[in-house]
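The values are calculated or read from the model by the stated rules, or taken from the named source; none is laboratory data. Just so we're clear, the structure is a prediction, and the values are computed from it rather than from any experiment. Cβ: placed from backbone, ideal geometry, glycine included. Neighbour counts: every protein chain shown. What goes into the accessible areas is simple: the full protein's heavy atoms, side chains included, and nothing from ligands, DNA or RNA. Shrake-Rupley method; radii C 1.70, N 1.55, O 1.52, S 1.80 Å.
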Amino acid sequence: MANFCGKCGTGLDTATGLCPNCDREQLDAMVTQNVAPNTSNFCLYCGSSIDKQTGLCPNPNCSSNNNGADAYIASAPQETVESKPKKSKPTALTTVITILLSICLFITSFFAIVIFDVRNAVKEDNVEKLLDNIQATDLLDSTKSATNSDLDRFYNNMSSKHGIEMADHQLNNFVNRSTVKEFIADKIGDFCEDFFEDEAELKITKREVVNLLQRNSTVIKDEFGVYLMDSELQEIADWIFNEDELVIIDTATLKDSTPALYYILTIGFSYVTMAVFIILSVLIIFFMIKNSFSQAVCGVGIDFIIFGGLAGLVAMLAAWITPLWETICADSFIGMIIGNFMAVNALISVILLVLGIAMLVIRGLIIKHRANKQGEML
């Protein structure tokens, strides 16, 4: 009578082996817990054979014998842990976008840096540095108004009227030892400061030249072996200048004769234009990061290294290895000016170079850290 209850004679439940009358509480508990019955022939806890009449584990020490209900509790389905979606690797389109944005960043950053370097170089404190390592005769030869014949006539005048036998190296030594370069730097610095703010005029008066020669009379005696009186210094100034003053350039004339050049200089090298290029550069970097952070760091770092590395190399050659730089630029006046220009702005070049290298190093460390982390998870 295995199919009937031994107490009341009611037929047993075929799925659980329990009596619908006598074991009602156990059946209700199983339904409430939504537990699947144990239809196997062995206990899920201790492995003993299940009693076919009762459906219970006969082992009294089995943990399933908790009021006779746990014997029928099937092992609950294990909760599956959803793995976090892996970040997608950069696609070909992502790489192309990064390259295009890097090129745009190179252009905007280039103009922003050039404007900053130019405005910094023409400050009064830095203009004199632009004239370092530049000989007076090279400067005269580079201008159209002063040719070798003009220089020869000046030498002949100094010899015939003042008894001074002058050569190129003596004139260069005098300019380097005197305050002539400081005088020129002050003039250029004041002019550039006014040029970007309002109308400006770069001029030299005859009186200023006389005062300059008087301040350097000792240098004249040391270099040329002749002490010149004030009247002789006035004669030299009269020979150089036909009028009381020489206007080299003024904004009014430049604006009337070449307005395009005037507006290119005043607008193109203004701080407002520089700010616009800086804002554009920041926006490009933002979109690069949105596109791919890793590639953005790489692209920005490479741009900064190019700017800082090339400019820093020229600055180093011009400032520390001047003979080598003179050979590279063939002793040209423009080449020396470019070298000195880079040397004046060497600090910004070093900062950009360090930032670029730091970005690439940080990117490498991040990639290495991610690779190690993924290896530990595997």
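Given the structure, is residue 139 open to solvent by less than 70 Å² (accessible area, probe 1.4 Å), over 30 Å from residue 280 (Cα atoms) and at pLDDT below 85? Yes; evaluated as a whole, the condition is true for this residue.
Which residues, taken from the range 357-366, are open to solvent by less than 50 Å² (accessible area, probe 1.4 Å) and of a type in the set (A, V, I, L, M)? Show your work before the answer.
First pass over the range 357-366, keeping only residues open to solvent by less than 50 Å² (accessible area, probe 1.4 Å): 358, 364.
358 - this is the single residue of the range 357-366 that is open to solvent by less than 50 Å² (accessible area, probe 1.4 Å) and of a type in the set (A, V, I, L, M).
Residue 354 passes every criterion in (1) modelled with pLDDT of 90 or more; (2) open to solvent by less than 80 Å² (accessible area, probe 1.4 Å); (3) touching a helix residue (DSSP H, G or I) at 6+ places or on another chain (Cβ under 8 Å) apart from (2).
Quick one: in the range 103-136, of everything that is among the polar types (S, T, N, Q) and under 17 Å from residue 187 (Cα atoms), which residue is surrounded by the most Cβ atoms within 10 Å (Cβ to Cβ)?
Ranking the qualifying residues of the range 103-136, first place goes to 126.
Pairing each residue of the range 110-121 that is within 10 Å of residue 278 (Cα to Cα) with any residue that is open to solvent by 40 Å² or more (accessible area, probe 1.4 Å), provided the two are 6+ apart or on different chains, yields C-beta distances under 6 Å for 111/277; 112/277; 112/278.
Since residue 333 meets every condition but one in (1) touching an Asp or Glu at 6+ places or on another chain (Cβ under 7 Å); (2) closer than 30 Å to residue 366 by Cβ, which condition does it not meet? Of the numbered conditions (1) touching an Asp or Glu at 6+ places or on another chain (Cβ under 7 Å); (2) closer than 30 Å to residue 366 by Cβ, the odd one out for residue 333 is (2). Within the range 292-347, the set of residues being among the polar types (S, T, N, Q) and either part of a helix (DSSP H, G or I) or surrounded by fewer than 16 Cβ atoms within 10 Å (Cβ to Cβ) (or both) comprises 294, 295, 322, 327, 332, 340. Listed by first and then second residue, the pairs linking a residue in the range 249-276 that is assigned to a strand (DSSP E or B) to a residue that is open to solvent by 80 Å² or more (accessible area, probe 1.4 Å), with Cβ atoms under 6 Å apart and 6 or more places separating them unless they lie on different chains, are 250/201.
Within the range 150-175, being touching a helix residue (DSSP H, G or I) at 6+ places or on another chain (Cβ under 7 Å) and farther than 13 Å from residue 232 by Cα holds for 151, 165, 166, 168, 170, 171, 172, 173, 174, 175. I'd like to check something: does the range 176-192 contain any residue that is touching a residue at least 40 places away in the same chain (Cβ under 8 Å) and under 19 Å from residue 232 (Cα atoms)? The answer is yes, given that some residue of the range 176-192 is touching a residue at least 40 places away in the same chain (Cβ under 8 Å) and under 19 Å from residue 232 (Cα atoms).
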